[in-house]
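These notes concern the structure reproduced below.
Quick note: the coordinates plus some simple rules give every number you see, no bench work behind them. Everything quoted here is computed from the prediction, not taken from an experiment. Every residue, glycine as well, gets a Cβ built from its backbone with ideal geometry; the counts of neighbours run over all protein chains shown.
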Amino acid sequence: MPEALTKTFYIKTMGCQMNVYDSDYLAQRLMAMGMSPVDRPAKADFVLINTCTVRAKPEHKAATFIGRISQLKKHKPHLILGVIGCLAQHKGEELLKRFPAIDFAAGPREIEKIAELVQSGALGKRKILATSLDQPPPSLGIYNGYYKGKVTGFITIMQGCNNFCSYCIVPYVRGREVSRPPQDVIEEAKALIDQGIRDITLLGQNVNSYRWEEGGEIWTFPMLLKKVAGLPGLWRLRFTTSHPKDLSQELIDCFGELDNLCPHIHLPFQAGSDEVLKRMNRGYTRKQYMDLIQKLRLVRPEIAITSDVMVGFPGETRQDFEMTLDLIKLIEFDGLFSFKYSDRRGTLAARFEDKVPEQEKSERLQLLQTIQKDITIKKNKSLEGKEVEVLIEGPSARGKQLSGRTGTNKIVNFNCDSSMIGRLVNVYIKVAYASSLIGELREPLIESQ
Ligand code: 5AD
Ligand code: SF4
C-alpha cells in the first residue's frame, strides 16, 4: 500500500468492552507506525469496523454500518476498508462476497496480523480473510500518551471461552481460553496509571478461569486481582465477566478484603428455571446462583449486582419464564441486560426444536423489562438525599454537566467545572432515575491528584 494512502485511520467499535480494548490496542499499534486517528470515517484512508455477532441484532447493526461505509469507497477508491472482530470471524467469507468494498476480514485473534498487514503494504491489493484462532492475545499495547485525559481503562487478562453454553457463539469466534502473563497485565496497569487512569476494569469472557503457570508458580485470578489492587495510584478496580459456576469463595472474599475493589459485580444468570439452565449447559442451578448472591452480600452488604438474562430460549415454557421473573424479584438486581434468545448458526441451541415464537419472546421481554425498571428505580431512589463517592469521568451524555460513576457503577450527573475531571468527589443525590442520578457537588474533595 503506498505510504500516502495510509496516513489516517478511523475505527468504529461495536459490541462489548473486549472489542473496545482490541480497538484501543490497534489504534496504539497504528499510531506507533506513524498513522493518525481522525474523528470521522470520511476523513480516513483506512477504516476498521470492529463487529459483534453475539445476537442477531448487533450483527444487523454491523452489516448496516458496513453498507454505509462501503458507499464512501465510491468517491474515495484508495480507501482501505477492514472488518474485524467477532462477526468477521463468524461470517468473514460471506461479508467479503456481500460487500465487495471490504478489503479484509479478520477475527479477534488476528489483531496483531492487521498491524503486520498494514506494515507489509499488502492491504488493498487482494482480498484477505484472516480467521485463525491459534494466536495468543497480543502483549503490551501501550502507546505512551494514548490514555492521557482519560480516567477509566480496560485490560484484557484472558480471552476465549471453554464453557460452550448451548446458545453462545463466543467459543467459536474467540476460541479457547488463553490467559495473558501476569507480568504483562501488571506492566500494562502501571502504564495506564502513569497516564492518569484511576479506574481499571480487568476483562475476560470468564475472568475466574484466569490461570498462568510458569516455573512451578501458578497465578489464579484472585492472586492477579490482589496484585493489581496493590498498585499505587489505582483508586478503583473492577472486573467482568464472571461465570457463576466458577465464582470461588476466595474471589468473593476479595470484595471484603480489597479497599479499591469496587462494590459491583456483573454475574449473568441467564434464566431462573433449572430446566432451562440445564439445556443452556450453564453448570449451576437457580439455588446455587441465589446462594452466591447471598454470600456476596454477606461479605459486602452494599455490593451492586447486575446481570444478563435471556427470554424465549428454545423450550422455555410460561412457567419457566415465571421462574425467571420470580428470581428477578427475589434478588432485586441493580441493573439487568435482557435479551430475546437469538439463534446463532453452529451452536447447539440453534438445532433445538420447540422454538418460542417471536411475538411471545417480545411480550416476555417487555414484561420482564417493566418489572426490572421498577426495581432499578426503587434502588436508585434509595440514594436520594445521600452523599456518594463519584469519580468524575467527563462531560455527561447531554454535554451540559459532568458525569461520573459511583463505585457501584451508577452514573451521576452534576454541575461542576471541567478542570475537576479525574477527581474523586462527594456528590449529594437530589433526584434518581432509572439510568442515572442527578446530584450536587459537595466539598470536601475526598482525594486530589
Ligand atoms: N441469544 C440471546 N442472547 C444471547 N447472549 C449470548 N448469546 C445469546 C443468544 N444466542 C446474551 C447473554 C450473554 C450476553 C452477552 O448476551 O445474556 O450474557
Ligand atoms: Fe464481545 Fe461476544 Fe460480541 Fe464478540 S460476540 S463482541 S466477545 S459480546
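Some points to look at:
- Mean separation of Cα pairs under 8 Å and 6 or more residues apart, divided by the residue count, gives the stretch 3-130 a relative contact order of 23 percent.
- Hits among lysines - C-alpha to C-alpha of LYS373 under 26 Å, sequence gap 8 or more where chains match: LYS57, LYS61, LYS287, LYS295, LYS329, LYS340, LYS361, LYS381, LYS386, LYS400, LYS410, LYS430
- Legend: ranking of residues GLU322, GLU389 from fewest to most surrounding C-beta atoms inside 10 Å; resulting order GLU322, GLU389.
- Per-pair calculated FRET efficiency, R0 = 41 Å: VAL299 and ASP354 via Cβ, rounded to 0.05: 0.55
- Where the Cα pairs of the stretch 268-381 fall when distances are cut into 5 Å bins, in %: 2, 11, 22, 24, 19, 12, 6, 3, 1
- For the stretch 14-127, the convex hull drawn through the C-alpha positions has a volume of 97 cubic angstrom per residue.
- Cross-link partners of LYS7 among lysines (Cα-Cα below 18 Å; sequence separation of 8 or more within a chain): LYS43, LYS73, LYS76, LYS125
- Normalised contact order of the stretch 256-383, rounded percent, pairs of Cα under 8 Å and 6 or more residues apart: 27
- Taking every DSSP helix (H) stretch of at least 4 residues in the chain, weighting each as -39,500 (n - 2.57) and dividing the sum by the residue count yields a mean residue ellipticity at 222 nm of -11000 deg cm²/dmol.
- Reciprocal of mean inverse Cα separation for the stretch 71-214 (Kirkwood radius, Å): 17.1
- Alpha-carbon geometry of the chain: the Rg and the Dmax are 22.4, 63 Å, given in that order.
- Karplus (6.51, -1.76, 1.60) ³J(HN,Hα), θ = phi - 60°, over the stretch 397-414, in Hz, Gly and Pro reported as x: 4, 7, x, 8, 10, 9, 9, x, 10, 7, x, 7, 6, 9, 7, 10, 10, 6
- Highest mean packing comes first when the peptides 182-189, 376-383 are listed by Cβ atoms within 10 Å, giving 182-189, 376-383.
- For the stretch 34-75 versus the stretch 330-372, the gap between their alpha-carbon centres in whole angstrom: 29
- Packing order of peptides 79-92, 410-423, highest average first: 79-92, 410-423 (average count of other Cβ atoms within 10 Å over each peptide's residues).
- Volume of the Cα convex hull of the stretch 101-164, divided per residue and given in Å³: 159
- Residue (of ILE66, ASN144, MET18) at the positive-pole extreme of the chain, dipole from beta-carbon charges: ILE66
- Rounded to 5, percent antiparallel among DSSP beta bridges of the chain: 40
- Simple rule: put +1 on each Lys or Arg Cβ and -1 on each Asp or Glu Cβ in the chain, find the dipole, and look at THR285, PHE352, GLY153; the Cα lying farthest toward the positive end is PHE352.
- Computed over the stretch 387-446, the quotient of the alpha carbon radius of gyration and 2.2 N^0.38 Å is 0.95.
- Residues whose amide H comes within less than 5 Å of that of THR156, counting only those at least five positions distant or on another chain, are LEU203 (H built at 1.01 Å from N in the peptide plane).
- All-pairs Cα distance distribution in the stretch 296-449, expressed in whole percent, bin size 5 Å: 2, 9, 16, 15, 14, 12, 10, 9, 7, 5, 2, 0, 0
- For a 4.7 Å threshold on C-beta separation, the list of partnerless cysteines in the chain reads CYS16, CYS52, CYS86, CYS161, CYS254, CYS262, CYS416.
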